1. Could you tell me which residue of the stretch 12-50 is nearest to the chain's Cα centre (by Cα), considering only residues that are loosely packed, with under 12 Cβ neighbours inside 10 Å and over 22 Å from Ala103 (Cα atoms)?
2. Within the stretch 1-69, considering only strands (runs of 3 or more DSSP E) that don't extend past its boundaries, which have at least 1 residues that are closer than 23 Å to Gly91 by Cα?
3. Is at least one residue of the stretch 8-27 among the charged types (D, E, K, R), more than 22 Å from Ser105 (Cβ to Cβ), in contact with a helix residue (DSSP H, G or I) (Cβ under 7 Å, 6 or more places away or on another chain) and modelled with pLDDT under 95?
4. Would you confirm, using the coordinates I've provided, whether Gln149 is at pLDDT below 90, of a type outside the set (Asp, Glu) and in a helix (DSSP H, G or I)?
5. Would you check if Gly95 is more than 21 Å from Met1 (Cα to Cα), surrounded by fewer than 19 Cβ atoms within 10 Å (Cβ to Cβ) and in contact with a strand residue (DSSP E or B) (Cβ under 7 Å, 6 or more places away or on another chain)?
6. Do the conditions hold for Ala79, that is, is it over 15 Å from the mean Cα position of the chain (by Cα), farther than 18 Å from Val111 by Cβ and of a type in the set (A, V, I, L, M, F, W, C)?
7. Select from the stretch 83-95 the residues that are closer than 12 Å to Arg108 by Cα and in contact with a Phe, Trp or Tyr (Cβ under 8 Å, 6 or more places away or on another chain) and list them in ascending order.
8. Looking at this structure, is Ser124 among the polar types (S, T, N, Q) and assigned to a loop (DSSP other than H, G, I, E, B)?
Amino acid sequence: MLAMGPAQQSFAEGYSGRLLCPLEVVPIVGRRLNLRASSLRECAERGWILNPDGCGLRAGLIRELQSQGLRLTLNVESAGAQLQIALVAQGLGLGLVPRAALASSPWRDEVAVLSLSDFQPAVSLWLIHAQYLANLQPPLTFFASKVMQQLTVSD
């Protein structure tokens with residue numbers, strides 16, 4: 001399984017993880033909203049399109065908002081970066097997505113990346129698997145190499 005999380009991670013008993021790479025995550029807005037925010041406070045009330053509760057990116061955003069005395073306004077709860085990018089492009093709220101997902105999105109020209117001085121989420125991409133893989137090790141290694149290859153092409 002692929003998962004996003006902090007660079008230092010611990011796993012449940014019986015599971016291991018391999019850190020694949022740091023993953024750049026960017027806040028995005030639909031171009032037609034013409035939002036020129038440079039801080040989280042300036043865009044917080046627009047509302048967000050985020051993964052369901054349990055997502056590390058969402059949790060990090062909530063922590064940062066709370067540290068500034070702000071609350072999360074959730075416009076849409078939706079799993080999957082491509083759907084989120086499409087909803088952001090339609091002007092339904094702000095998004096928080098991996099730059100690699102944005103680069104491969106058919107909606108990439110309809111959204112703008114926000115440069116927020118007070119919020120630069122830092123996450124890493126992990127490959128999480130059962131601790132003892134035996135004969136599944138080669139296909140897992142192959143899968144990880146293909147993921148890394150795709151991320152390199154998308155950058």
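1. Glu45
2. Values: elements: 2-5, 15-30, 48-50.
Passing ranges, in order: 15-30, 48-50.
3. yes
4. Spelling it out, Gln149 is indeed at pLDDT below 90, of a type outside the set (Asp, Glu) and in a helix (DSSP H, G or I).
5. Numbers: more than 21 Å from Met1 (Cα to Cα): yes; surrounded by fewer than 19 Cβ atoms within 10 Å (Cβ to Cβ): no; in contact with a strand residue (DSSP E or B) (Cβ under 7 Å, 6 or more places away or on another chain): yes.
Taking the combined requirement at face value, the residue does not satisfy it.
6. no
7. Those that are closer than 12 Å to Arg108 by Cα and in contact with a Phe, Trp or Tyr (Cβ under 8 Å, 6 or more places away or on another chain): Ile85, Ala86, Val88, Ala89.
8. Against the criterion (among the polar types (S, T, N, Q) and assigned to a loop (DSSP other than H, G, I, E, B)), Ser124 does not qualify.
The values are calculated or read from the model by the stated rules, or taken from the named source; none is laboratory data. Computed from a predicted model, the values in this text were never measured in an experiment. Don't worry about glycine lacking a Cβ; one is built from the backbone with ideal geometry, like all the others, and counts go over all protein chains shown.
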